[in-house]
Structure formats: C-alpha cells, structure tokens
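Down below is the structure, laid out as structure tokens.
The values are calculated or read from the model by the stated rules, or taken from the named source; none is laboratory data. Since we're looking at a predicted model, the values are computed, not measured. Here the Cβ positions follow ideal geometry from the backbone for every residue, glycine too, while neighbour counts run over all protein chains shown. Heads up: the accessible areas ignore ligands, DNA and RNA and are worked out on the full protein's heavy atoms, side chains in. Shrake-Rupley method; radii C 1.70, N 1.55, O 1.52, S 1.80 Å.
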Amino acid sequence: IQADGTDGNCVTFVLHDEDHTLGNSLRYMVMKNPDVEFCGYCITHPSESKINFRIQTRGALPAVEPFRKGLNDLMGVCQHVLSTFERSVKEFRAQK
Amino acid sequence: RGADEMRDRVVLGEFGVRNVHTTDFPGNYPGYEDAWDQRRFEEAFRVDVIREEEDTLEFDMVGIDAAIANAFRRILLAEVPTMAVEKVFVYNNTSIVQDEILAHRLGLIPIRADPRLFEYRNQGDQEGTEIDTLQFQLKIKCKRNPQAAKESSDPDELYFNHKVYSKHMTWVPLGNQTDLFPDADFRPVHDDILIALLRPGQEIDVLMHCVKGIGKDHAKFSPVATASYRLLPDITLLQPIEDEAAETLQKCFSPGVIEIQNINGKKVARVANARLDTFSREVFRHEGLKNLVRLARVRNHYIFSVESTGILPPDVLVSEAIKILMGKCQRFLNELDSVPME
C-alpha cells in the first residue's frame, strides 16, 4: 500500500494488485462506519491493477482507523459467511 | 413505507430500474440504525442450499450486500487456483494439427488434481520441481488395420488409434511424487475429450507440464463452468385481479408464478411462487394490467448458481473463494501493521 494525504483525516491509499473485487466490498464496509464522511475508490487505468481508495473522516479521527476497521469487519463477515455456508451444506446433506 | 421500499427493493419500472444502489449507510435515513453491527448482521444472515448435484450447486444467501456477493462471484471465476497444462514439449507431431493449436487444446483440458496439494511455480523457473509440477505424456501412433474389409469406408474399422482422446494422456510421476501421492490418480476430468484426429503413419509424442494458476492469468485455470447469481424476484398485486384479467396475468409470467383460485365462483389471481419468474416484463405491454402489478427484486437475497468443471466439488470452490477474500484482507492488515504510515 502507499498512502498520500494533506492531513491525517483525508488519505488516499493506493492498493496494488487489487480491483473491484476487494475495492467495492471494502468501500461498502468503510461506508457503514458512522465516523466516515466520504469513502470511494477508483481504478486509475484498466491496464494497471491498482486502485485509489480515499477515506475522509469527520472530526479528528486519523483515516487509517476506518480503513483498519473496514478490513477487520470484512474479515468478520467472511468468517461468518464461511461457517454458515459449511453448516448449511452439512445440514442439507444430512437431511437428504 | 416509501423509505422501506427504497432500502429493501430494486423496483423494475416500465422504462427503467429504480433504487438500484445500496443506500442504507449511516446518516442517510433518520431513525434507522445503519452503522455496521456484526451481531445484527449475524442474526439476519442465512444460507439455504436448494439443490446439489455432482457438479452444480444452487444456494441462497440472504442478508448480504451486492458488493460482497459480487466479490465472491468474481473470486470464483478468476482467483480460485487450479492445475492446467502450461508447457508442452513436442518431441514428434506429424499430425495435421499444428503444434501451437495442439498445445492450446491441451491447456484447456480440465485436470483432476487438487490444487491445494501443490505450490505455485517460482517465476523464471524453467525446469519445475515435484511440488509445483505435474507431468503428463501423450504418445500415440495411428496404424492401418490389416483385418478391415476391402470396401469399408468407416474410419473406426480401417484404422487403429485414429482419434486421440484425453484418456490417452498418462501421468508420469516426477521425483518423489509416487511417495507424496501414493493413491492419487491424476488424469483429465473427462476421458472422452477429442484432442486430434490422425491417419496411418501420423503420430503425436508430447510431454506436458501442468502448473497451478488462476483464472485472471488465463481462462483455462478457471475452476467453474460458470458462477452467477440473481436477486430474488418479488411480485406484488396492488389490486385484486379477477376473471379474464387474471388469465392474461397468468400468461404474462413464467409458468407456476401466478396461480388462479376459485373464490365465491370468481377466478382470482394470486402470486404463488415468485422465485420461478424470469422477469420478461410482458405485463407492461398490457395497458390494463401494467399499473396493477409491482415488479421488484429483494435487494439482499441472492440466488447463487455455481457449476464446477469437475476439478473440485462446487461447495469446496465456494469455501475456497471465501477463504481467498479473507486472505486478501489479512494481507493488507499485515501490511498496515508492519509498515509505518507517514
């Protein structure tokens, strides 16, 4: 990652080797955070696989915090989805 | 109630689709608790498996957002690794199929080998070690059949081995692979894929190296025939519809969606099973009916359909895709913690 910003509250992260797969899902998780005023991502050029991910927080919270929280929340979602899915498949096979 | 519709439903109007984007972010709706709450998500989320066959899996994911469902779909298509033929060493090819065409066809054949047992090949490594390469050999020669009848023109009778199938590919263990995989049986998923046609005197003698790769690199590495999702349809009748109008309404939708009941001698239409509908919007072509029905989709109910090429069973593919998304997040978390941000 690289970070770039005038002050700690609005930062643009450049994520390498990523595309809409992580960009859109991470944007959704960061937007769900009430401290975030603005969050968006864009793909600089379709030939290069890197995204510009911008977070602006209201108040004095440094922008790295919602980024970290978004990643952790996304991990939590995936964990729960995985366990629910495996449990459903097992139940489906058991009752067949 | 209008706010509820905007939040939960994607509405199909006559000339366009409304409420497409997710809007339930904190601050947009006064009186709604929209901030991320893991517990609330876990209570509302569920997965129902509808149908499971050998290579197809149809399941519902309820309570998740489009961004994450799409991420799973994209990963299933492009980032779950498999093994496929990458390098073809041609020792002898006197058939009519050119070397590069033959190599291209061999690359597209799905190989039954669990990619989790292998590593990625290091960049620039030409030889390949036993932990990242599977070797296959295809050695076949076409001969004339001396016992064939004089006037027959059937190639099956006249020649031996004139059709080269994928079952003629044999696994050649490298190094200690016989010890690492004692009861493994590495072969193509299907035995009856036609690779080339030969005539007497032509032969093919090639050695193939299979490596681990992902669909983003080349589509031959994609483990799914296809993976797609659609949203659950939601059809509401705004007013009771009777008699002839009910009959017309039933014909506007896919069979089984609308059923007609006999109440007090009159035929009344009722939505029986909206899930079956394919939303051809035929109802908007009838002036009398188009304002009495609301076509919508439930925004957070996804009907996934995953069809595997046979390398891994589809439920394993979905689990791997979810683990890959977790791996991506973990990679950035590790980078955040290790590199100091200035």
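Restricting the search to strands (runs of 3 or more DSSP E) fully inside segment B:93-183 and requiring at least 3 residues that are within 15 Å of B:His209 (Cα to Cα) gives B:134-141, B:169-172. Considering (1) surrounded by fewer than 18 Cβ atoms within 10 Å (Cβ to Cβ); (2) in the same structural domain as B:Val298 (by the TED database), the lone condition that B:Phe72 does not fulfil carries the number (1). Of the residues that make up segment B:217-230, is at least one in the same structural domain as B:Gly128 (by the TED database) and at positive phi? No, segment B:217-230 contains no residue that is in the same structural domain as B:Gly128 (by the TED database) and at positive phi.
Every listed requirement among (1) under 21 Å from B:Ile235 (Cα atoms); (2) facing chain A (nearest Cβ under 8 Å); (3) basic (Lys, Arg) is met by B:Arg74 save one, (1).
Scanning segment A:51-96 for residues that are part of a strand (DSSP E or B) and either within 10 Å of chain B (Cβ to nearest Cβ) or open to solvent by less than 60 Å² (accessible area, probe 1.4 Å) (or both), we see that the one that is farthest from A:Cys10 (Cα to Cα) is A:Ile51.
Restricting B:Lys267, B:Lys216, B:Lys251 to those that are assigned to a loop (DSSP other than H, G, I, E, B), open to solvent by 70 Å² or more (accessible area, probe 1.4 Å) and either modelled with pLDDT of 85 or more or more than 24 Å from B:Ala84 (Cβ to Cβ) (or both) reduces the list to B:Lys216. Annotation: of all residues in segment B:275-289 being over 20 Å from the mean Cα position of the chain (by Cα) and part of a loop (DSSP other than H, G, I, E, B), the one that is nearest to B:Pro188 (Cα to Cα) is B:Asp277.
Determine whether A:Gly40 is surrounded by 12 or more Cβ atoms within 10 Å (Cβ to Cβ) and touching a Leu at 6+ places or on another chain (Cβ under 9 Å). Judged against the criteria, A:Gly40 is not a match. Sub-8 Å Cβ pairs linking a first residue in segment B:166-177 that is without any contact (Cβ under 8 Å) to a residue 12 or more places away in the chain to a second residue that is surrounded by 18 or more Cβ atoms within 10 Å (Cβ to Cβ), at least 6 apart or interchain, number zero. Scanning segment B:290-314 for residues that are outside any strand (DSSP E or B), within 30 Å of B:Ala184 (Cβ to Cβ) and either open to solvent by 30 Å² or more (accessible area, probe 1.4 Å) or in contact with a Phe, Trp or Tyr (Cβ under 8 Å, 6 or more places away or on another chain) (or both) gives B:Thr309, B:Pro313.
Report yes if B:Arg275 is surrounded by 13 or more Cβ atoms within 10 Å (Cβ to Cβ), within 22 Å of B:Ala66 (Cα to Cα), charged (D, E, K, R) and more than 14 Å from chain A (Cβ to nearest Cβ), otherwise no. So B:Arg275 fits the description; yes. Within segment B:89-116, the residues that satisfy the criterion of being farther than 20 Å from B:Asp132 by Cβ, open to solvent by 10 Å² or more (accessible area, probe 1.4 Å) and touching a residue at least 40 places away in the same chain (Cβ under 8 Å) are B:Val90, B:Tyr91, B:Asn92, B:Asn93, B:Thr94, B:Ser95, B:Ile96, B:Val97, B:Arg105, B:Leu108.
Every condition in (1) farther than 28 Å from B:Met83 by Cα; (2) within 14 Å of chain A (Cβ to nearest Cβ); (3) buried (at least 16 other Cβ atoms within 10 Å of the Cβ) holds for B:Cys329 except the one numbered (1).
Take the conditions (1) surrounded by fewer than 13 Cβ atoms within 10 Å (Cβ to Cβ); (2) within 25 Å of B:Leu295 (Cβ to Cβ); B:Asp24 misses just one of them, which is (1). For segment B:221-248, which positions are over 15 Å from B:Arg294 (Cα atoms), of a type outside the set (A, V, I, L, M) and either assigned to a strand (DSSP E or B) or at pLDDT 85 or above (or both)? The answer is B:Phe221, B:Ser222, B:Pro223, B:Thr226, B:Ser228, B:Tyr229, B:Arg230, B:Glu242, B:Glu247, B:Thr248.
Quickly run through segment B:133-164 and pick out the residues that are among the aromatic types (Phe, Trp, Tyr) and open to solvent by less than 60 Å² (accessible area, probe 1.4 Å). The answer is B:Phe136, B:Tyr159. In the condition set (1) closer than 30 Å to B:Leu207 by Cβ; (2) of a type in the set (D, E, K, R); (3) over 29 Å from the mean Cα position of the chain (by Cα), B:Asp34 is compliant with all but (1).
Residue-by-condition table, conditions (1) under 30 Å from B:Lys220 (Cα atoms); (2) facing another protein chain (nearest Cβ under 10 Å):
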site	(1), (2)
B:Gln38	no, yes
B:Leu57	yes, yes
B:Met83	yes, no
B:Val88	yes, no
B:Tyr120	yes, no
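When restricted to residues that are over 20 Å from B:Thr170 (Cα atoms) and free of Cβ contacts under 8 Å to residues at least 60 places away in the same chain, segment B:117-132 contains 5. For the residues B:Glu86, B:Glu130, B:Glu79, B:Glu119, the requirement of being farther than 30 Å from B:Trp36 by Cβ, touching a helix residue (DSSP H, G or I) at 6+ places or on another chain (Cβ under 6 Å) and either open to solvent by 40 Å² or more (accessible area, probe 1.4 Å) or not hydrophobic (A, V, I, L, M, F, W, C) (or both) singles out B:Glu130. For segment B:35-59, a residue qualifies if it is in a strand (DSSP E or B) and open to solvent by 40 Å² or more (accessible area, probe 1.4 Å), and the qualifying residues are B:Arg46, B:Asp48, B:Ile50, B:Arg51.
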